[in-house]
Every structure is written in structure tokens, then in C-alpha cells.
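Novice: Just dropping this structure here.
Here, each number is a calculation from the coordinates, and none is a lab measurement. These numbers were taken from a predicted model, which means no experiment stands behind them. Here the Cβ positions follow ideal geometry from the backbone for every residue, glycine too, while neighbour counts run over all protein chains shown.
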Amino acid sequence: MTRKTQRKPSSKMTPKELDKATSEFDNEFAIDSFGEPTSKQRARLQRARKKRGRPKIGKGVKVISVSIERGLLEKTDRLAKKLNVRRTELISRGLRAVLDNEVTWDGR
């Protein structure tokens, strides 16, 4: 594995070194100096183009806005911290437990 050489910061360069380092930007069409990317460069570009973010769970996620009592939210956050899970994960687990057990709702 080759090691990249450290470049000198532009603030520490002499005017001559700075002119040399920035000379490529004097050309109007700098892209013309580029060749075809190598297979390694293409693979790197494909990795960069992939969507990032949370892994898809089930059918994906839908962001919603829900009002919740402050005291209940504080208890939720404390439990989530204790269980070392995110708030959303804890709420999802609770909803699944209710739905899986088909708890009847009596309106209280």
C-alpha cells in the first residue's frame, strides 16, 4: 500500500510554489486534461453515488409528526438511553408489541 505524500499548506508556500500548485486552474477547460477513469476510480465513484442513510427496514420509513405529552417523552428518552436504543426504535418496538398482541382499546 502506497502512502500519500503530505502537501504543503498554501499559506506556507512561496509565490513560485503557489503558482505551480495552482497552474492547472489557469486553463479554461481543465476537464480536457482528464483521461478515462481507471476501474478502481470507477468503483470508487459508484460507491460515492450510492444513496446513504439508514438501512431499509421492512417497507422503508415514513416520517410523521406526532404530539406526545412531555412527561411521557421524557420517560421514553430515559428508557431508550437505558436500553441503548434510539427513541424511534423504542417507539417502533412499542407499537409492534401493541399490534402483535391485538390489545383492545377501551378509550382510556
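Novice: In nm, what is the difference between 0.36 nm times the number of residues separating residue 44 and residue 85 and their Cα-Cα distance?
Specialist: Gain on extension, residue 44 to residue 85, equals 11.5 nm.
Novice: Continuing with the same structure: Rounded to the nearest 20 Debye, what is the dipole magnitude of the chain about its Cα centre when Lys and Arg each give +1 and Asp and Glu each give -1 at the C-beta?
Specialist: The dipole of the chain has a size of about 580 debye.
Novice: Quick one: what are the phi-derived ³J(HN,Hα) couplings along the stretch 42-56, Karplus 6.51/-1.76/1.60 with θ = phi - 60°, whole Hz, x for glycine and proline?
Specialist: Per-residue couplings from phi come out as 5, 5, 5, 5, 4, 4, 5, 7, 4, 5, 9, x, 6, x, 6 Hz.
Novice: Grab the beta carbon distance between residue 65 and residue 100, set R0 = 22 Å, and tell me the FRET efficiency rounded to 0.05.
Specialist: 0.30
Novice: Which loop GluC sites (Glu not before Pro) in the stretch 1-61, with loop taken from DSSP, have no more than 12 other Cβ atoms within 10 angstrom of their Cβ?
Specialist: 28
Novice: Once phi is turned into θ = phi - 60°, what whole-Hz ³J(HN,Hα) does the Karplus curve with 6.51, -1.76 and 1.60 give for every residue of the stretch 35-40, x standing for Gly and Pro?
Specialist: x, 5, x, 6, 5, 5
Novice: Length gain on complete extension for the stretch residue 34 to residue 17, per 0.36 nm per residue less the alpha carbon to alpha carbon distance?
Specialist: Length difference between fully extended and current span is 3.9 nm.
Novice: Another question, then. Expressed as cubic angstrom per residue, what is the convex hull volume of the alpha carbon set of the chain?
Specialist: With only Cα atoms used, the chain gives 321 Å³ per residue.
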